[in-house]
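The values are calculated or read from the model by the stated rules, or taken from the named source; none is laboratory data. Given the structure is predicted, the values throughout are model-derived calculations rather than measurements. Here the Cβ positions follow ideal geometry from the backbone for every residue, glycine too, while neighbour counts run over all protein chains shown. Side chains are part of the model used for accessible areas, which takes the heavy atoms of the whole protein and leaves out ligands, DNA and RNA. Shrake-Rupley method; radii C 1.70, N 1.55, O 1.52, S 1.80 Å.
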Amino acid sequence: MYVNFQALGCRLNEAELESWASQFMLRGHEITTDAAEADLVVFNSCAVTAQAERKSRQQINRLQRRNPAARLVVTGCHASLHADAVGGTRGVDLVIDNRDKEALVERALGLFDSGKAALPPVEIGDAPNALLQRGRHRAFIKIQDGCRYRCTYCIVTLARGEERSRSEDDVIAEINRLHRQGIDEVALTGVHVGGYGSDTGSSLYRLLDRILERTAVARIRLASVEPWDLPDGFFRLFHDPRLMPHMHLPIQSGCDSVLRRMARRCKTAEFAGLVERARNEIALFNVTTDLIVGFPGETEQEWRQTVDFVRRTGFGDMHVFPFSARSGTKAARLPDPVDAATKKARSQEMLALARELKRAELERHLGTSAPVLWERRLGDAIGDWIGYTPHYHKIRCAGDSIEAARIDTVSIDAVDDDGATLWHRPPAAVAAVTPRIDFSRSA
Ligand code: SF4
């Protein structure tokens with residue numbers, strides 16, 4: 001039968017889709033990118049913000065209208081937090097809680113009569129890779145789920161439950177299987193990635209060490225990692241060129257009194273120390289982050305502290321989120337909400353700073369070379385190529401001598417006008433405005 005997968009939200013949701021897709025293919029079913037032709041549709045929903053919940057509800061209704069004949073399975077954080085409401089929605093055949101995701105494939109097949117569901121399994125080795133079928137060249141690998149912490153604004157910890165880690169062997173086997181199928185870059189993801197192994201006696205450090213030892217995949221990335229529970233010496237691992245020199249470390253605020261109200265485990269001094277360790281170990285190590293703007297009670301003075309901290313840290317990129325109260329969280333009951341106009345003004349100020357810091361980050365790489373994994377062409381088939389450097393910088397290149405999923409070492413020649421993209425062999429217009437580099441500062 002034909003199975004269609006949909007997801008909203010985080011890379012963990014994406015990683016789960018990829019794992020289910022492989023399991024369905026293992027059973028001889030086909031993956032389709034078109035929900036209208038599917039017998040079964042699996043939707044991995046999100047609840048990280050009120051807007052994400054609204055989009056999840058809209059997506060469920062859209063999928064039901066698009067293909068009323070298909071079986072519709074809904075899982076993910078929105079479905080886990082509102083199981084009855086989702087289960088009562090027209091067209092939804094099955095709701096799977098986050099904690100039962102391991103059994104999703106079996107339970108979804110249970111919706112069909114045995115004839116249709118029970119096709120003989122095929123050898124996973126020769127099954128085409130669902131990712132490549134979807135034009136993707138980077139695989140998200142789920143290494144753990146859940147989180148033991150209770151940041152006051154976070155709904156994910158409530159929706160995903162306690163920490164549970166996959167075994168090292170399981171993760172390594174999946175990476176090697178994907179590598180055999182042509183995937184040359186993997187990104188390790190979870191809810192609290194730094195908590196990997198807390199329930200199995202392992203650790204993120206040990207897992208990375210084992211992955212570097214027992215796999216041959218060219219590039220290993222870490223998706224978002226909370227800036228704590230990382231052992232001393234952690235950044236020494238990045239001397240291995242297969243481990244990409246970039247980490248997304250959510251700081252959420254640059255002010256300790258706000259971080260206390262968020263119940264964040266990492267204060268600004270510890271965060272600054274962590275970033276310094278990374279940059280001392282690996283020159284040009286790229287640190288990106290998430291920041292919440294307008295957390296309840298955030299005074300102008302606290303906001304100034306955050307802006308100063310962000311500028312001093314010099315993040316390579318930032319995701320800026322206006323605070324969104326999530327019912328069921330402690331933060332939703334905190335006093336002194338910040339008014340919408342102030343939240344908007346602070347978001348715009350932070351986004352402007354983020355753009356400035358990103359351009360500065362990209363300019364630090366001008367005149368250097370980097371191995372780029374080319375991923376896709378812009379627009380139609382003759383557009384420029386887009387790929388990513390090890391530092392997770394987007395890079396563009398014109399010309400036909402490039403192939404998708406190939407890794408080429410190229411010179412970094414310019415920063416695009418958008419201040420967010422690097423160029424290899426830039427067009428004249430871009431080259432003309434590229435600043436001449438004084439190498440003494442870039443190293
Ligand atoms: S550590 Fe992350 S996942 Fe855990 S409660 Fe805090 S924000 Fe949520």
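Quick notes on this one:
- Global geometry of segment 2-126, whether rounded, prolate or oblate, following the gyration tensor of its Cα atoms and the 1.5 cut on a/c: prolate
- Simple Cβ-charge dipole of segment 134-363, Lys/Arg +1 and Asp/Glu -1, about Cα centre, in debye nearest 20: 500 debye
- Taken about its Cα centre, the chain carries a charge dipole of about 840 debye when Lys and Arg each add +1 at the Cβ and Asp and Glu each add -1 at the Cβ.
- Segment 375-421, accessible surface, carbon-and-sulfur percent (1.4 angstrom probe): 49 percent
- The GNM of the chain, with springs linking C-alpha atoms under 10 angstrom apart, assigns the highest mean-square fluctuation among 190, 273, 91 to 273.
- Cross-link partners of residue 101 among lysines, defined as those whose alpha carbon lies under 24 angstrom from its own and excluding same-chain residues fewer than eight positions apart: 55, 116, 142.
- Note on the chain: GNM, Cα springs under 10 Å; of 69, 263, 420, the largest mean-square fluctuation is that of 69.
- Packing-based ranking, highest mean first, of 211-218, 181-188, 8-15 given that Cβ atoms within 10 Å are counted: 8-15, 181-188, 211-218
- Surface composition of segment 134-363: carbon plus sulfur atoms hold 51% of the accessible area, using a 1.4 angstrom probe and ignoring ligands, DNA and RNA.
- Taking 4.7 Å between beta carbons as the limit, the unpaired Cys residues of the chain are 10, 46, 77, 147, 255, 266, 397.
- Expressed as a whole percent, the accessible surface of segment 2-126 that belongs to carbon and sulfur atoms is 47, based on a 1.4 Å probe.
- Cα gyration tensor category, rounded, prolate or oblate, for the chain with a/c compared to 1.5: oblate
- Heavy-atom accessible area per residue - the chain, 1.4 Å, Å²: 43 Å²
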